Structures are given as C-alpha cells and as structure tokens.
Amino acid sequence: MSKVALIVGAGPGLGASLAKTFAQDGYDVALASRRSESMTDLCSEIGAKQYTCDASDAESVENLFTQVDDDLGPPDLVVYNAGTYTRGPIAELDLDVVRATLSVNGWGALVVAQAAARRMIPRGSGTMLFTGASAGLKGFAQSAPFAMGKFALRGLCQSLARELAPKNIHVAHIVLDGVIFRPERGEPYANPDTALHPDEIAKTYLELSRQHNSAWAYEIELRPYVESF
C-alpha cells in the first residue's frame, strides 16, 4: 500500500512544491486549505485529494482527518504548513486579528498534531513536520503577533519531539529564515538570489521524512546564502 502524506496549509508556493515532491516519491497526497479550489489544477496534475479545512478549528481538523482516513487511510506523514501574518506597532494592533494569527500559527498546529498523534501512536510510526520561521527564534520589532505564534509552534515541536520520539514518531521543526521565492508577488519575493526556492525547501522536508530513527533531526534552519543571521 502507498504511504499517505497530508499537507495542512497547502497553497501556491511551498505547499504546491511539497505536494509535488511527496507525490513523486510515491505518496498518496492529501491537500488541505481554507480554499481548496485554489489547488484544483495541482490535484489533477499529481492525482492528489483536496479538502477544505480551517486549521484553527478543532472540529474542522477532526473532520479532515476522518475524511482522509476514509479516502486514503491514516496519514504516515503530516506537514503543518498553515500560517498567517500580521504586524504593526504594539499600541495599534487589532486584537481580533492578533487572536486569529495566534490561532493559526500556534493553536492550529497543536490541534493537527493531536489528530495525527492519535493515529500514529497505535501504529508505532509516523512523521510530523512543522513549518517555522526566524520569528520563532527572535522577536522582531513590530512583529509581536507573528513572534508569539511561531515561538509557540517551536515550543510545541520541542515538546512533541521529546514525547513522541520514544514511540517511533519523528517530529521536526523547519525554520525558514527568509522569504520564499514567489515571482508573481514582486520584490523581495521575486529575487531568486535572495529568496528560498520552494522546490529546494521541499527536498529538505523529503529528506527529513526519510531519516533513519538512529539519526533524526529535530530542528533544521534553512536560509539563502546571502541571508545574515
């Protein structure tokens, strides 16, 4: 039977590259996003299944996993790639927008991890990969909401890794330090020399998924060669 990969937060850019990479490696791929119609062409191209899911809503996430169970089987690999971003001076932040940002970047990751763990623990195997950011390592000025969400994500990943590694479940946090190459967005996303290429990022996710359990990486940082750090 084919292995199953579920990508939560699938869209143009990294989500599409991850989908293609894992499909080429023989996975049956499930793509979940708030607006699943945005991935229709890609799903047709690679034979993936598409689902609508609000990662910050526990009921929506559980419905997603149940549908994937029924359609493809329990996922062997889960990638949490959902994220949202807001910034501004602390005195001027819209708190409702901040709450939504925290819900997707932090809470949603926990909800997805719980649903994945409930399926992987009885089987005694599985991989969870989480897309982080440099904001999870240091809080930048006027970026408190994003830093809070990504710090929460990193803490979740550290805790999950320590809890689940003895159960043969690989958890890894991938820090993306830089913008992702999306030429249609203009600068700074359109410069291939200063942006992370999504296809190259996806190769790293694939290699993490292939690691032997005697040499697992629990966190890795990716950045363009010109990025200061």
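The values are calculated or read from the model by the stated rules, or taken from the named source; none is laboratory data. These numbers come from a predicted model, not from an experiment. Neighbour counts run over all protein chains shown; Cβ positions are idealised from the backbone, glycine included. Note: accessible area is taken over every heavy atom of the protein model, side chains too, but ligands, DNA and RNA are not part of it. Shrake-Rupley method; radii C 1.70, N 1.55, O 1.52, S 1.80 Å.
Details
- Relative contact order of the chain, pairs being alpha-carbon contacts under 8 Å that are 6 or more residues apart, as %: 18 percent
- Cross-link reach is defined here as a Cα-Cα straight distance under 28 Å, omitting same-chain residues fewer than 8 places apart; for Lys138 the lysines meeting it are Lys150, Lys203.
- Correct option for Cα extents along the principal axes in Å [calculated from the coordinates] among (1) 51, 37, 33; (2) 47, 42, 35; (3) 46, 38, 35: (1)
- Annotation: Lys3 carries an accessible surface of approximately 90 Å², with a 1.4 Å probe and no ligand, DNA or RNA atoms counted.
- You can think of it this way: the chain between Phe229 and Arg182 has 14.7 nm of extra reach, that is 0.36 nm per residue less the Cα-Cα gap.
- Think of the stretch 161-212 as a dipole: +1 on every Lys or Arg Cβ, -1 on every Asp or Glu Cβ, centred on the Cα centre; then among Tyr205, Gly178, Asn168, Asn168 lies furthest on the positive end.
- 17 Å cut-off, amide nitrogen to a point 7 angstrom out along Arg123 Cα→Cβ, residues in the stretch 53-69: 62-69
- Relative to the longest principal axis of the Cα atoms of the chain, the long axis of helix 108-123 lies at roughly 20 degrees.
- The stretch 31-92-the stretch 161-207 distance, computed between alpha-carbon centres (Å): 17 Å
- Using just its DSSP H runs of length 4 or more, each adding -39500 (n - 2.57), the chain gives a mean residue ellipticity at 222 nm of -12500 deg cm²/dmol after division by all residues.
- Accessible-area composition of the chain, carbon plus sulfur, in percent [1.4 Å probe]: 50 percent
- What the stretch 155-207 shows is 48 Å² of accessible area per residue, with the surface traced by a 1.4 Å probe over protein heavy atoms.
- Accessible area (Å², per residue) of the stretch 20-98, counting only protein heavy atoms and a probe of 1.4 Å: 53 Å²
- Between Asn168 and Tyr218, the distance separating the two model label sites (each 7 Å from Cα on the Cα→Cβ line) works out to 2.0 nm.
- Area accessible to solvent at Arg87, 1.4 Å probe radius, in Å²: 120 Å²
- Relative contact order, percent, the stretch 175-226 [alpha-carbon distance under 8 Å, six or more residues apart]: 43 percent
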